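The values are calculated or read from the model by the stated rules, or taken from the named source; none is laboratory data. Computed from a prediction, not measured in an experiment: that's the story for all the values here. Every residue, glycine as well, gets a Cβ built from its backbone with ideal geometry; the counts of neighbours run over all protein chains shown.
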Amino acid sequence: MTTDGMLALHTLRRGAPDALPLVLLHGFPLDHRMWLDVTDLLAGDPTVLAPDLPGFGTSPGGPDVAAAVGGTEPSVDVMADGVAATLHAAGVDRAVVAGLSMGGYVAMALVERHPDLVAGLALLDTRSTADDDGARTQRLRVADTVTAELSVEAVLGMRTALLGAGNRGTRLDLVERLDGWIRDQGPLGVAWAQRAMAARPDRTAVLAGYRGPAVVLVGDEDEVTPLEAARHMVGALAGAELVVVRGAGHMTSNESPEPVAAALTALLIRATAG
Ligand code: MLT
């Protein structure tokens with residue numbers, strides 16, 4: 001779909017049309033479907049927009065979105081600019097923005113690059129710091145592998161690694177759903193996003209300059225972006241609430257959607273009250 005020359009991201013939209021919207025940004029290597037357990041539990045039928053980030057789900061690929069927003073290299077900034085352009089094209093100029101992991105990196109880029117858009121910020125199972133050299137090298141290796149193999153096999157292990165230790169062997173329904181969502185992604189989109197995440201800067205200082213309502217949420221069994229990463233972000237943000245979800249790993253949205261929905265509902269109420 002093209003809007004004003006911009007390639008719009010495929011976006012799930014539901015709920016009442018006139019309220020302050022909630023924008024949900026998904027993690028890697030998934031798409032907007034990871035949010036559906038949460039959206040079903042949000043109180044008050046809020047307006048929800050859940051885009052597929054560039055190269056995921058049925059959205060245009062990273063290089064096409066980059067070309068449309070004036071970028072060239074894979075970057076989280078391109079993802080954020082693509083989200084902002086998509087929201088503006090949909091008539092949304094202000095929203096509560098929630099991102100899980102990679103979605104959190106995009107949410108922080110939105111705060112820096114499109115501050116007027118962000119009326120409230122929820123950072124779930126994510127981190128504000130950049131990759132260290134080891135993590136960056138590993139990402140680029142994975143990007144090369146999925147590109148060479150034209151397969152997402154190299155990231156399929158995430159179907160269990162993203163879950164808390166307690167859920168890996170017992171929540172086989174979740175393992176199966178994650179497996180299906182990962183297999184549905186295109187390898188070139190996965191590779192582009194890995195390169196984009198490898199290049200992302202430290203955005204802790206961006207959080208320090210943010211003045212709106214915020215919540216930071218993390219599963220206490222998250223091994224990808226653990227509790228100390230959440231505490232680091234809370235330390236930077238002025239007055240952010242920290243929510244620790246017991247018995248959940250990185251995929252709090254699916255391992256334990258009830259407290260996630262409650263935290264997002266509370267943030268929407270705070271942001272709406274202004
Ligand atoms: C995610 O869940 O989005 C990823 O674990 C993010 C990352 O690889 O840093």
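Kindly indicate whether any position in segment 237-244 is surrounded by 16 or more Cβ atoms within 10 Å (Cβ to Cβ), at pLDDT 95 or above and either within 16 Å of the ligand (Cβ to nearest atom) or more than 28 Å from Gly120 (Cα to Cα) (or both).
No.
Pairs please, first residue from segment 258-274 and charged (D, E, K, R), second anywhere and surrounded by fewer than 17 Cβ atoms within 10 Å (Cβ to Cβ), Cβ atoms under 9 Å, 6+ apart in sequence or on different chains.
Matching pairs, first to second residue: Glu258/Leu41.
Looking at segment 20-41, I want the residues that are over 20 Å from Val111 (Cβ atoms) and outside any helix (DSSP H, G or I) and have a partner that is more than 15 Å from the ligand (Cβ to nearest atom) and not acidic (Asp, Glu) with Cβ atoms under 7 Å, at least 6 apart or on another chain. Which pairs are those?
Leu41/Pro257; Leu41/Ala261
So if I check each of Ala43, Ala19, Ala95, which one is surrounded by fewer than 21 Cβ atoms within 10 Å (Cβ to Cβ), within 26 Å of Asn254 (Cα to Cα), touching a Pro at 6+ places or on another chain (Cβ under 8 Å) and not polar (S, T, N, Q)?
That would be Ala19, the only listed residue that is surrounded by fewer than 21 Cβ atoms within 10 Å (Cβ to Cβ), within 26 Å of Asn254 (Cα to Cα), touching a Pro at 6+ places or on another chain (Cβ under 8 Å) and not polar (S, T, N, Q).
Six or more apart or on different chains, Cβ under 7 Å: which pairs go from a residue in segment 87-106 that's in a loop (DSSP other than H, G, I, E, B) to one that's within 16 Å of the ligand (Cβ to nearest atom)? Could you list them?
Pairs found: Ser101/Gly27; Ser101/Phe28; Ser101/Asp125; Ser101/Thr126; Ser101/Val224; Ser101/Thr225; Ser101/His250.
Looking only at segment 98-119, filter to residues that are crowded, with 23+ Cβ neighbours inside 10 Å and of a type outside the set (A, V, I, L, M); which one of those is nearest to the ligand (Cβ to nearest atom)?
Among those that are crowded, with 23+ Cβ neighbours inside 10 Å and of a type outside the set (A, V, I, L, M), it is Ser101.
Of the conditions (1) away from the ligand (no atom under 16 Å from the Cβ); (2) under 24 Å from Ala135 (Cβ atoms); (3) not basic (Lys, Arg), Thr170 fails just one. Which one is it?
Of (1) away from the ligand (no atom under 16 Å from the Cβ); (2) under 24 Å from Ala135 (Cβ atoms); (3) not basic (Lys, Arg), only one is false for Thr170: (2).
Given the criteria free of Cβ contacts under 8 Å to residues at least 24 places away in the same chain and not in a helix (DSSP H, G or I), does Gly134 qualify?
For Gly134, the condition - free of Cβ contacts under 8 Å to residues at least 24 places away in the same chain and not in a helix (DSSP H, G or I) - is not met.
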